[in-house]
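First up is the structure itself, then whatever we jot down about it.
The values are calculated or read from the model by the stated rules, or taken from the named source; none is laboratory data. These numbers come from a predicted model, not from an experiment. Every residue, glycine among them, receives a Cβ derived from its backbone with ideal geometry; neighbour counts consider all protein chains shown. Please note that ligands, DNA and RNA were not included when accessible areas were found on the heavy atoms of the full protein model with its side chains. Shrake-Rupley method; radii C 1.70, N 1.55, O 1.52, S 1.80 Å.
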Amino acid sequence: MNRLLLATAASVLIAGTASAQDPVNVGIILGFTGPLESITPGMAESAEFAFAEVNESGVLGAPLNPVRADSTCVDAAAATAAAERLITAENVAAILGADCSGVTIAIANSVAVPNGVVMVSPSATSPALSTIDDNGFFFRVAPSDARQGEVIADVLKDRGLDNFAITYTNNDYGKGLADAIAAAIAAAGGTVAIVAAHEDGKGDYSAEVAALQASGAEHLIVAGYVDQGGVGITQAALDTGAFESFIFPDGMYGQSLIDSIGEDINGKVIGTLPGVEGEGADTFAALASGAGMDPTGTYVPESYDAAALIALSMAAAGGPDRTGIRDKLLDVANAPGEPILAGELAKGLELAAAGTDIDYQGATGVELIGPGEAKGSYRVYEIQDNAPVTIEYR
Amino acid sequence: MENLLNALVLLSNFVLIPAIAYGAQLALGALGVTLIYAVLRFSNFAHGDTMAFGTAIVILFTWWLQGQGIGLGPLPTALLALPVGILAAILLLLVTDRWVYRFYRARRSPPVVLVMASVGVMFIYNAITRFIIGTGDQRFEDGARFALKVGDFKALTGLDQGLAIRTSQIITIVVMVVVVSAVFWFLQRTRTGKAMRAYSDNEDLALLSGINPDRVVMITWILVAILATIAGTLYGLDKSFRPFTYFQLLLPIFAAAIVGGIGQPFGAIAGGFVIAISEVVVTYAYKGFLTYLVPESWAPAGLVQMLGTDYKFAVSFIILVIVLLVRPTGIFRGRVI
């Protein structure tokens, strides 16, 4: 209901100001179909929520009009076609997205960078994205998986666990993450007995689990997707008693897995996903809950921040200028400047438009390093009593 | 001795039990394909999607039963919903036959035309199933998940390795035995079954001796609908339901039918088990198994895996090619296609 009110308010606002200035389109390209289809609606809502907050402030003059497109998460041809449409037909000022690393690389290389359009991904985490030739147009508020690998290796070492099997979904995200985890565990002095891929969308994973089990490993790291092979692997491993201890990187976070496997999973999982604690995170959680969203959903706060960064850079650049957005993005994201938290976008926009330096913190404590990617803070959780329980932040 | 037992339990848990359950599901699927080939003389590419359609209806009715609080205790409710799915599949197949296949049969079109028509039918079934139930994973299993749990087995025997037997695996094997016996009894003993076999052997002679061809065709489709829905539901209970995986099942099912000898009901059963067991046996990593059997110093360092699990579907292809080269009629001397 709240969401409906908000949407109505936003559209009234758009309608109200449209006479003054035409709205500026901003693309939101996420996998509304495909392996991440259960988490992308929450991400898109969060981004649209941020744009609504921006429009409410009225600082930008022309309201921002989010246009959704489907990245499919897996089909690079479909994703680039959708991005092409956003840029040519919808004339977007910037693109929020994409979600999965493979399609993000494809869109950046063949559409966004050649056309000079900024992409801000809330969730693409492949280490390969750190080194693409992006001409400065690609940013992400999600950290590279190289960092997640280190965090996982630290957590496991602190708990005294050793002897791991790693299975990954056979794509850029899974491969990059599995390699990062294996490298970090080896660097921390641990053993990885086997690293094997699995294909998504199969009916049966008992053969994959049998091979993983035969390696003699004690703990299984599942670098897969929560709606796809990852849950099949976990189920088969539990059914056959092959593994009793699981480590879930970010793609495996989701209530749907717990609901589908049931009580057997309790107490057997350590998971990590990007997340922070602090004032910004708390404010965002309150705002998002108030608007009927789930602030703990995967990449929901990141999506808000990605949208906010686009709007703030636009204000700093003095308008929806594609290259201007690129040039200002790192300035508004990083220190020095006035810190801006989630829910303070109006203040941030005014300062940025006035040419004052701001340091956007947002919901996730945004700080972009290196080639424009988040430094990264992770939430470590366990599954207890059919729900994820936060243990610590790293 | 204990090492030997551990090795056997390990192999049963990861190779034998999954392979036998999968083999039973393939055998039921292949039996349907082979019946159509024997009586109607074409390879029905729509068979995988017939399975998906029947299963989708079973799932919908299962959900309704679950909503009403009706169940079978430790057994999955889907068994109760099977007749509804079967009826829907029968209706679908008979309507398809009336609207599509009968036209080509009346013209005595060559088999390849019917095969191509079945490819078209496959796409339509594909769409109908997705329209009814969606493209995603559906879970409809309920009741007791395990007949034997790993932990219980270990406590019972004191062995290091555990053995898990899921309820769905037992049901799969029991239902397969019952259904296959019933089909063979029907084909061998009843008048209608004999008429079907006569029609299959020689259509003209059968017509001359007064067998009603429309009736034979109808009975065949009904049998096929029953087999397809049961095979699909068992596969969905044991693994998971997703329309696309049923479409993918077409390859191992055809491989099973051809390896066994297409047109031969016995061959379909044998072929199903041959394909299933070789898929699992070839892709299993034998490191743990061998470690139990050989002295410690001989224990293999590698995984001892013949083919990566990615190549599972390739195994059915390889067997298919070898059989077609060496013995094109299949194990039980079916027809050459």
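Mind listing whichever residues of segment A:204-238 are within 8 Å of another protein chain (Cβ to nearest Cβ), touching a residue at least 24 places away in the same chain (Cβ under 8 Å) and small (G, A, S)?
If the condition is that a residue be within 8 Å of another protein chain (Cβ to nearest Cβ), touching a residue at least 24 places away in the same chain (Cβ under 8 Å) and small (G, A, S), then A:S206, A:A210, A:S215, A:G216, A:G232 are the ones that fit.
If a residue has to be within 13 Å of another protein chain (Cβ to nearest Cβ) and either of a type in the set (A, V, I, L, M, F, W, C) or more than 13 Å from B:I277 (Cβ to Cβ) (or both) to count, how many in segment B:13-24 make the cut? So that I can check it myself, show each step before the final result.
Initially, segment B:13-24 is screened for residues within 13 Å of another protein chain (Cβ to nearest Cβ), giving B:13-23.
From the residues that got through so far, the ones that are either of a type in the set (A, V, I, L, M, F, W, C) or more than 13 Å from B:I277 (Cβ to Cβ) (or both) too are B:13-17, B:19-21.
Result for segment B:13-24: 8.
Which residues, taken from segment A:294-318, are part of a loop (DSSP other than H, G, I, E, B) and crowded, with 24+ Cβ neighbours inside 10 Å? Let's see the steps before the verdict.
Our first condition is that a residue be part of a loop (DSSP other than H, G, I, E, B); within segment A:294-318, this holds for A:294-299, A:318.
Correct list: A:T298, A:Y299.
Does segment B:216-224 include one or more residues that are without any contact (Cβ under 8 Å) to a residue 40 or more places away in the chain, more than 11 Å from chain A (Cβ to nearest Cβ) and either in contact with a strand residue (DSSP E or B) (Cβ under 9 Å, 6 or more places away or on another chain) or hydrophobic (A, V, I, L, M, F, W, C) (or both)? Before the answer, list the steps.
From segment B:216-224, those without any contact (Cβ under 8 Å) to a residue 40 or more places away in the chain are B:219; that's our starting set.
Those still in the list that are more than 11 Å from chain A (Cβ to nearest Cβ) too: B:219.
From what's left, either in contact with a strand residue (DSSP E or B) (Cβ under 9 Å, 6 or more places away or on another chain) or hydrophobic (A, V, I, L, M, F, W, C) (or both): B:219.
Yes: one or more hits.
Please tell me if B:G67 is in contact (Cβ under 8 Å) with a residue 60 or more places away in the chain and under 22 Å from B:F241 (Cβ atoms).
Against the criterion (in contact (Cβ under 8 Å) with a residue 60 or more places away in the chain and under 22 Å from B:F241 (Cβ atoms)), B:G67 does not qualify.
May I ask you to list pairs of residues, at least six apart or on different chains, whose Cβ atoms are under 6 Å apart, with the first in segment A:69-84 being within 18 Å of A:I39 (Cα to Cα) and part of a strand (DSSP E or B) and the second being open to solvent by 10 Å² or more (accessible area, probe 1.4 Å) and hydrophobic (A, V, I, L, M, F, W, C)?
Correct list of pairs: A:A69/A:A82; A:D70/A:F32; A:D70/A:A82.
Checking the conditions here, which among B:L237, B:L250 is within 14 Å of chain A (Cβ to nearest Cβ) and buried (at least 24 other Cβ atoms within 10 Å of the Cβ)? Before you say what the answer is, go through the steps one by one.
Working: B:L250 fails: buried (at least 24 other Cβ atoms within 10 Å of the Cβ).
Result: B:L237 is the single residue among B:L237, B:L250 that is within 14 Å of chain A (Cβ to nearest Cβ) and buried (at least 24 other Cβ atoms within 10 Å of the Cβ).
Go through (1) closer than 19 Å to B:L227 by Cβ; (2) modelled with pLDDT under 95; (3) in a helix (DSSP H, G or I) for B:F42 and report which single condition fails.
(3)
Where in segment B:127-217 are the helices (runs of 4 or more DSSP H), entirely inside, with at least 2 residues that are more than 24 Å from the chain's Cα centre (by Cα) and over 30 Å from A:D239 (Cα atoms)? Before the answer, list the steps.
Working: elements: B:150-157, B:167-189, B:191-201, B:203-208.
Once the helices (runs of 4 or more DSSP H) in segment B:127-217 are filtered for at least 2 residues that are more than 24 Å from the chain's Cα centre (by Cα) and over 30 Å from A:D239 (Cα atoms), what remains is B:191-201, B:203-208.
Could we say that A:V26 is part of a strand (DSSP E or B), free of Cβ contacts under 8 Å to residues at least 60 places away in the same chain and within 20 Å of the chain's Cα centre (by Cα) here?
When the stated conditions are applied, A:V26 does not pass them.
Kindly evaluate B:L40 against the criterion of being away from chain A (no Cβ under 11 Å), open to solvent by 10 Å² or more (accessible area, probe 1.4 Å) and in contact (Cβ under 8 Å) with a residue 12 or more places away in the chain. Walk me through how you get there before you give the answer.
Values: away from chain A (no Cβ under 11 Å): yes; open to solvent by 10 Å² or more (accessible area, probe 1.4 Å): yes; in contact (Cβ under 8 Å) with a residue 12 or more places away in the chain: yes.
Answer is yes for this residue.
Which of the residues that make up segment A:341-365 are in a loop (DSSP other than H, G, I, E, B) and touching a Leu at 6+ places or on another chain (Cβ under 7 Å)? Steps first, please.
As a first pass, look at segment A:341-365 and keep what is in a loop (DSSP other than H, G, I, E, B): A:342-344, A:354-357, A:363-365.
Correct list: A:A342, A:G343.
Can you tell me which of (1) within 14 Å of chain B (Cβ to nearest Cβ); (2) under 30 Å from B:A276 (Cβ atoms); (3) surrounded by 19 or more Cβ atoms within 10 Å (Cβ to Cβ); (4) over 22 Å from the mean Cα position of the chain (by Cα) is the one A:A193 doesn't meet?
(3)
What's the number of the only condition in (1) of a type outside the set (G, A, S); (2) open to solvent by less than 40 Å² (accessible area, probe 1.4 Å); (3) farther than 30 Å from A:D204 by Cα that B:D204 fails to meet?
For B:D204, the failing item is (2).
Mind checking which residues of segment B:150-171 are at pLDDT 90 or above and in contact with a Phe, Trp or Tyr (Cβ under 8 Å, 6 or more places away or on another chain)?
Those that are at pLDDT 90 or above and in contact with a Phe, Trp or Tyr (Cβ under 8 Å, 6 or more places away or on another chain): B:L163, B:A164, B:I165, B:R166, B:T167.
Residues in segment B:112-123 that are touching a residue at least 40 places away in the same chain (Cβ under 8 Å) and touching a helix residue (DSSP H, G or I) at 6+ places or on another chain (Cβ under 9 Å): how many?
Number of matching residues: 4.
Tell me, please, whether a residue that is open to solvent by 60 Å² or more (accessible area, probe 1.4 Å), of a type in the set (F, W, Y) and closer than 30 Å to A:I265 by Cα can be found in segment A:384-393.
Yes - at least one qualifying residue is present in segment A:384-393.
If A:E382 satisfies all but one of (1) in a helix (DSSP H, G or I); (2) more than 17 Å from the chain's Cα centre (by Cα); (3) touching a residue at least 12 places away in the same chain (Cβ under 8 Å), what's the number of the condition it fails?
(1)
Sort out which residues of segment B:152-194 are within 14 Å of chain A (Cβ to nearest Cβ), small (G, A, S) and either under 29 Å from B:P213 (Cα atoms) or open to solvent by 50 Å² or more (accessible area, probe 1.4 Å) (or both), and write them in order of number.
Once the filter is applied, which keeps residues that are within 14 Å of chain A (Cβ to nearest Cβ), small (G, A, S) and either under 29 Å from B:P213 (Cα atoms) or open to solvent by 50 Å² or more (accessible area, probe 1.4 Å) (or both), segment B:152-194 yields only B:A155.
Restricting to segment A:227-238, and then to whatever is aliphatic (A, V, I, L, M) and open to solvent by less than 10 Å² (accessible area, probe 1.4 Å), can you tell me which residue is nearest to the chain's Cα centre (by Cα)? Write out each step before concluding.
So the first thing to find is which residues in segment A:227-238 are aliphatic (A, V, I, L, M), and the list is A:231, A:233, A:236-238.
If we keep only those that are open to solvent by less than 10 Å² (accessible area, probe 1.4 Å) too, we end up with A:233, A:237.
On the way: A:I233: 23, A:A237: 28 Å.
Within segment A:227-238, the match that is nearest to the chain's Cα centre (by Cα) is A:I233.
So, in segment B:284-328, exactly how many residues are away from chain A (no Cβ under 14 Å), over 22 Å from B:G261 (Cα atoms) and of a type in the set (F, W, Y)?
Pass one, segment B:284-328, residues away from chain A (no Cβ under 14 Å): B:294-295, B:297-298, B:317-328.
Of the ones still in play, those that are also over 22 Å from B:G261 (Cα atoms) are B:294-295, B:297-298.
Keeping just the survivors that are of a type in the set (F, W, Y) gives B:298.
Total satisfying the criteria: 1.
Given the conditions (1) in contact with a helix residue (DSSP H, G or I) (Cβ under 7 Å, 6 or more places away or on another chain); (2) under 30 Å from A:N163 (Cα atoms); (3) of a type outside the set (A, V, I, L, M), which single one is not true for A:G324?
Condition (2) is where A:G324 drops out.
Only one of these conditions is not met by B:S278: (1) facing another protein chain (nearest Cβ under 10 Å); (2) within 19 Å of A:A211 (Cβ to Cβ). Which number is it?
Tallying (1) facing another protein chain (nearest Cβ under 10 Å); (2) within 19 Å of A:A211 (Cβ to Cβ), B:S278 fails exactly one: (1).
Among the listed residues B:V304, B:V274, B:V281, which satisfies the condition of being β-branched (V, I, T) and over 23 Å from B:F332 (Cα atoms)?
Values: B:V274 fails: over 23 Å from B:F332 (Cα atoms); B:V281 fails: over 23 Å from B:F332 (Cα atoms).
Every option except B:V304 fails the conditions.
May I ask you to verify whether A:A15 is modelled with pLDDT under 90 and either in contact with a Phe, Trp or Tyr (Cβ under 9 Å, 6 or more places away or on another chain) or buried (at least 23 other Cβ atoms within 10 Å of the Cβ) (or both)?
no
Can you tell me which residue is farthest from the other protein chains (Cβ to nearest Cβ) among those in segment A:164-190 that are part of a loop (DSSP other than H, G, I, E, B) and within 20 Å of A:V380 (Cα to Cα)? Outline the logic, then answer.
Quick first cut of segment A:164-190, residues part of a loop (DSSP other than H, G, I, E, B) only: A:170-171, A:188-190.
This time we only want the ones that are within 20 Å of A:V380 (Cα to Cα), so: A:188, A:190.
Numbers: A:A188: 23, A:G190: 19 Å.
Among residues in segment A:164-190 that are part of a loop (DSSP other than H, G, I, E, B) and within 20 Å of A:V380 (Cα to Cα), the one farthest from the other protein chains (Cβ to nearest Cβ) is A:A188.
Could you list, in sequence order, all residues of segment A:239-264 that are crowded, with 21+ Cβ neighbours inside 10 Å and either over 25 Å from the mean Cα position of the chain (by Cα) or within 10 Å of chain B (Cβ to nearest Cβ) (or both)?
Those that are crowded, with 21+ Cβ neighbours inside 10 Å and either over 25 Å from the mean Cα position of the chain (by Cα) or within 10 Å of chain B (Cβ to nearest Cβ) (or both): A:D239, A:T240, A:A242, A:F243.
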